[in-house]
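None of the figures in this text is laboratory data; all of them are computed from the coordinates on show. For clarity, every value in this text was computed on a predicted model and none was experimentally measured. We place every Cβ from the backbone using ideal geometry, glycine too, and count neighbours over all the protein chains shown.
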Amino acid sequence: MKKAFTVVSSHRVASRTAFRGRCLSFASSAKSAVWSSSPRNLHVQCSSSNTLPLCERRAVHTSSLEELRKWRSWAQDKAVSVGDKYRIADGGPDSHDLLRELEWMLEDVVSHVPMSSSPHCMPNGSKDCQEKQPNTFLNAETYDGPSETLLETLAGVRHVQHADPLRALKWRDIKNFEPSDFQRVVYLRASLEELSTLWTERVQHRRPFQYVVGCAHWRDFVLFVKEGVLIPRPETEQMIDLAQDLIDLQPNLAKGLWADLGTGSGALAIGLGSILHPQGNIVAVDVSDEALFIASLNIQRYELQDKIRVLKGSWFSPLEDLKGKLAGVLSNPPYIPSSHIATLQAEVGCYEPKKALDGGQQGTDDLTCICEGASWALQSGGYMILETNGGVQAETVANVLDSMAGGPFCDIQLVKDYAGIVRFVKAMHV
Ligand SMILES: C[S@@+](CC[C@H](N)C(=O)[O-])C[C@H]1O[C@@H](n2cnc3c(N)ncnc32)[C@H](O)[C@@H]1O
């Protein structure tokens, strides 16, 4: 028998993201899902031998402002040549979107710090914070995170003093300079040649912008991403607001242990890390080595390594010791029906990892598996929040929870996203 679940709209008004991922979409409206075909003949390759995000590289390249403006003009022409053909083909970016991304890319590449290899300290802190403090809330082997070398490389671009005020200018400061300033030297984090390669990958090969620049803006965070790791989406930001709403009602939940299942870039775990009480902890689980690597890197950048344990395994399998102990579970698992994968926007279908997208025939294989696991892993009064493909799929998941043997869940709610689509399923363990 089909049950009517409460459908609620979140009262928070808007995403806080600086929204640099707008033209990347796979979360559909169940009512209006339009899966048009995307070009299958894209030559997928990338120049990412340098894995550091553009904004984190040292500014070891120079150009005159005039050369840079010429390069920008070339890049603008390329963007304009796209017109609306990608949008019509598969809902991809149009010229307007690409021109906006071009300005973001220049923001990332024009350095406001002088070239320097000193001093070496960790983001927002001292060198001491590189020393890992093992956290002890779970008897499982933690994923062995990124190498010290990579962290030190990242650290090298921080905390450099601006001796010369001219060098402390950002792209937005210099782009409107007068012609008399065009001979000024600009410090760049990539050569104009590399930028041309990156921009060609973006515009012609449709490599996602976030992979091109190596990072995604999500809530208040700038998260590293690269091929092999899902780019965190704006709609997923709302899951942290939903968790915050639960914590506001039951503050003790913030002192408990939470799980982010299928952590990807670590976005949800890091978001949770920013709202839990100092006593609260998080386990971030994924099966993908690429995801675990990037999640660990992001967690360390935000100095949350003492609060978040990164574990390799399938859903609840690394958490068997935690039966009945979790205060909360957040998951945005793969939920796209297998038959839709081949028809996704090229940026998604050709570049993002299939294991982050494909949820089986109906898209509910992983969602169902997580519901079953949460039935033994959550403590009494603990909550689970799941992201779904929306609409009917969200209702299916709510029905799965409602019909589970022994009735482990109550207060099952469907929650609309900010676009008004029933997207999330929330439930409490009895
Ligand atoms: C849709 S992505 C979500 C990533 C991230 N949580 C976010 O919201 O941006 C799904 C993630 O689940 C991971 N995943 C897929 N199958 C899994 C499994 N059996 N166990 C754990 N993680 C899995 C994928 O590697 C991917 O990182």
Too-long pairs where the Cα-Cα distance tops 19 Å, listed order kept, from Lys70/Lys226; Lys226/Lys426; Lys307/Lys416; Lys78/Lys170; Lys255/Lys307; Lys226/Lys355 | Lys70/Lys226; Lys226/Lys426; Lys307/Lys416; Lys78/Lys170
Per residue Cα convex hull volume for segment 290-430, in cubic angstrom?
-> 133
Hey, fewest Cβ within 10 Å first, where do Cys55, Cys410 land in order?
-> Cys410, Cys55
Likely footprinting exposure, Ile341, Ile385, fewest C-beta neighbours within 10 Å first | Ile341, Ile385
For segment 346-404, the dipole about the Cα centre with charges only on Cβ (Lys and Arg +1, Asp and Glu -1), to the nearest 20 debye, works out at 100
Is segment 246-291 best put as rounded, prolate or oblate by its Cα gyration tensor, with a ≥ b ≥ c the root eigenvalues, rounded for a/c under 1.5, and otherwise prolate when a/b is larger than b/c, oblate when not?
-> prolate
Would you kindly derive the ³J(HN,Hα) couplings of segment 78-90 from the backbone phi angles with the Karplus curve 6.51 cos²θ - 1.76 cosθ + 1.60 (θ = phi - 60°), listing them in order in whole Hz, with x for Gly and Pro?
-> 4, 5, 5, 5, 6, x, 10, 5, 6, 4, 5, 5, 8
Specify the inter-centroid distance of segment 193-268 and segment 354-390, based on alpha-carbon positions, in whole Å.
-> 19
